[in-house]
Amino acid sequence: MAASGLSKSFGTVEVLSNIALDLKAGEVHAIIGENGAGKSTLMKILAGHLQPSKGNLAIDGAAVHFVGPVDAEQRGIVLVHQEILLAPHLTVAQNIFLGREIRRGLMIDDRAMNRQAAQAVRELGVEIAPTRVVERLSIAQRQLVQIARALAVPHRVVIFDEPTASLTPIETEALLKVIAAIRAKGTAVLYISHRLNEVKAIADRVTVLRDGKWIATRPAAELQPIDMAQLMVGRDMANLYPAKATPPTGREPLLAVEHFSVPGFAADASFSLQAGEILGFAGLVGAGRTELFEGLLGLRAGTGGLRLDGRPLRFHQARQAMEAGIVYLSEDRKGKGLLLAQDLRVNLTLAALARFAAGPVIDKTREWSALNQAFQDFDIRARSKTLLAGQLSGGNQQKLLLAKMMLLEPRIVIIDEPTRGIDIGTKEQIYRFIAALAARGKGVIVISSEMQELIGVCHRILVMRGGRIAGEVKGEAMTEAEIVVHATGVSREEARAQS
C-alpha cells in the first residue's frame, strides 16, 4: 500500500500536508510525532474513515478510493483504534464478532463464537472469559479485546494506533510478539506509538511527522529513542525527567492509609504520603491500583482507616474528598475526567463552580479569565478556546484536566496513568507539572504502567500484586527489574531478563 501527496484540511486549517508513505509486506513501519502532528488523520485516511483533500492511495500499484472503513476492511486494511469502540453491554465474544456473527443455520452460534473469541484473546497473551460483559473489564482488557476483534478478519495491512497505551510491560511484550508473528506472515503493519522504546524494538522503518508535515523516514536500526524524540520535537530531549527535590522528613504524614480494602480488588493496603513527596504505584493490570484509590476516595465501597494530617476521615463520595483537599485524575480522562461534548470553559470550571458564582448566576467573564490563565499556566494548545473538549488532542485534554483540578487548590493530587497516549514533548511538560506540585508542598501519587516513568518522577514506588502491596522500591533499588520482581513474584534473575 502506498500514499502520495496526501493532504487534509478542515475548513481553512490544513492538518496534513503533502505526505508520501509506503507500506511493505512483512514490514513494521512506525509513524511517530507529537500530538497534533497529523498521525491520526493520516491513519484515518489510510483506513477509509476520512477522505483526503488532495493526494492518492494505491494497493499493489493500482489506485484505490475508499468509500468508507467497511470498503477498506474488505480490501484487507484493518484499523485498531486507540479509542475504545466496543459495545459495553455486550460480552467479549459478542463484541469480537459484532456485525459478522457466526451462524448455524438461522441461529447465532454462541458456542463457536465463545470458543474462537477465547482463542483470539489468548493469542494476545491474556485470559479473558468470552462471556464477560465488556463494561466490567479494565481499560487494558478492553483494548486487548478491541485488538482481538480487528485481527479476527482477513487482513493485508494492520494499522495499530497506540495499541499499548493502557497495557503493562508484560502485556505489551506479549502484543509485540503477536505483531512480530503478523509480520512474519507477510502482513504490512503500520504502528503508531508514543512509546519510543517499543518503536525501536518492533519497527523496521520509522517515519516522523511534525505539524502535519513529513520530517524523515529512516531505518529503525539507525535511530535510538532519543534520536526519534529529537526528530519529533525539533529540540534536545536528553533531560526528559526533572530533577527530584528531596521531600521533607520527620514530619507527620500528610496522608496515612491503614489496612484499607476494596472487596474483590484490594486488600489490607497500608502506606503513607509526605507533603512534597511523589509516591508511585506500580503493578500489572488487575493488580488493584486504580480500584484501591477509587475505594479511598468514595468511588467504590471500601473498609479501613484513612488519616489526613492525623485526622481520621471516611469518604462516601468523591465530592467529599475534593472538599478535604484530595483530587483524583482518572486514567479514563475521556470517560470520567472530561465532558467531551462541552466546551473548554465549562470543563475547566465545573468542579470549582462555586468560585465562579455571582449569586444564582455563573460569572462567565471570570470563567473566561480562568480559561485564559489555564492556557498560559498549563500550555494548553488549541486553535480556538471555543472548541469542545473532545476536539483537543490527548495531551491537551490531560493538561485541561490538570488545570481543572488545580482550581480546587488541592493538598493531595492522585494521577492515574498521567501520560497514557501522550507524545514525548507533552510528557516532559506533564512531568514538570508534577515536580512543581511537589515543590509547592503538595503530596502527589502517580499510578502508572510505565515503569521508567515512575522511576523518573517518583521518590519511591509501591508495587501491587494480586490486590495487595507486594513491596516498596526506593533509592538505588528503583529499577525496572526490581519492580518486576514485586509485580510478578518472579526471581530477580528472571526479572532482569524481562526488563
Under Stokes-Einstein, the range 1-82 at 4 °C and 1.567 mPa s, with its Kirkwood radius over C-alpha pairs, diffuses with a coefficient in µm²/s of 99 µm²/s
Tell me whether the range 178-244 comes out rounded, prolate or oblate; compute the Cα gyration tensor, take square roots of the eigenvalues as a ≥ b ≥ c, and use a/c under 1.5 as the rounded threshold. prolate
Suppose every K and R has +1 on its Cβ and every D and E has -1 on its Cβ; what is the size of the dipole of the chain about the Cα centre, in Debye to the nearest 20? 740 debye
Lys/Arg Cβ at +1, Asp/Glu Cβ at -1, dipole of the range 199-325 taken about the Cα centre: which of 245, 214, 322 is farthest positive-ward? 214
Give me the percent of DSSP beta bridges within the range 255-498 that run antiparallel, rounded to the nearest 5. 55 percent
Compactness check, the range 133-211: C-alpha Rg relative to the 2.2 N^0.38 Å globular estimate gives 1.13
Could you give the distance between the Cα centres of the range 108-153 and the range 20-90, to the whole Å? 23 Å
Rounded to whole Å and ordered largest first, report the semi-axes of the equivalent ellipsoid of the chain derived from its Cα gyration tensor (root of 5λ). 37, 28, 24
Sum of -39500 (n - 2.57) over DSSP H runs of 4+, divided by residues of the chain (222 nm, nearest 500): -9500 deg cm²/dmol
Burial order of peptide ranges 261-270, 195-204, 375-384 (average beta-carbon count within 10 Å, highest first): 195-204, 261-270, 375-384
Average Cα contact separation per residue, the chain, under 8 Å, 6 or more apart, as relative contact order %: 15 percent
The whole-number value in µm²/s of the Stokes-Einstein translational diffusion coefficient for the range 100-156, with Rh from the Kirkwood sum over alpha carbon pairs at 20 °C and 1.002 mPa s, is 177 µm²/s
Distance from the Cα centre of the range 300-368 to that of the range 248-283, in angstrom? 21 Å
Translational diffusion coefficient, Stokes-Einstein: compute it for the range 2-233 using the Kirkwood radius over C-alpha pairs as Rh, at 4 °C and 1.567 mPa s, and state it as an integer in µm² s⁻¹. 71 µm²/s
Would you please classify the overall shape of the range 203-325 from the alpha carbon gyration tensor, given that a ≥ b ≥ c denote the square roots of the eigenvalues, rounded means a/c under 1.5, and beyond that prolate means a/b larger than b/c while oblate covers the rest? prolate
Dipole of the range 2-233, positive end: most advanced residue of 12, 233, 48 [Cβ charges, Cα centre]: 48
Magnitude of the charge dipole, the range 2-233, Cβ model with Lys/Arg +1 and Asp/Glu -1, debye to 20: 400 debye
Which percentage, to the nearest 5, of the DSSP beta bridges contained in the range 2-233 is antiparallel? 55 percent
Quick one: if you take sqrt(5λ) for each eigenvalue of the C-alpha gyration tensor of the range 113-258, what semi-axes come out, biggest first, whole angstrom? 32, 28, 12
Once all Cα-Cα distances of the range 334-465 are split into 10 Å bins that start at 0, what whole-number percent is in each one? 11, 42, 33, 11, 2
State to the nearest 20 debye the size of the charge dipole of the range 117-248 about its Cα centre, where the only charges are +1 on K and R beta carbons and -1 on D and E beta carbons. 200 debye
The chain - share of DSSP beta bridges that are antiparallel (%, nearest 5): 55 percent
TM-like helix rule applied to the chain (DSSP H, alpha carbon span at least 20 Å on the long axis, mean Kyte-Doolittle at least -1.0) gives 169-184, 424-439
What area, in nm² and to one decimal, does the C-alpha convex hull of the range 255-498 cast on average over all directions? 13.7 nm²
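Taken together, the values in this text are just the output of simple stated rules run on the coordinates, not laboratory data. Small disclaimer: the values here were computed from a predicted structure and weren't measured. Cβ coordinates were reconstructed from backbone atoms using ideal geometry, including for glycine residues, and neighbour counts include every protein chain displayed.
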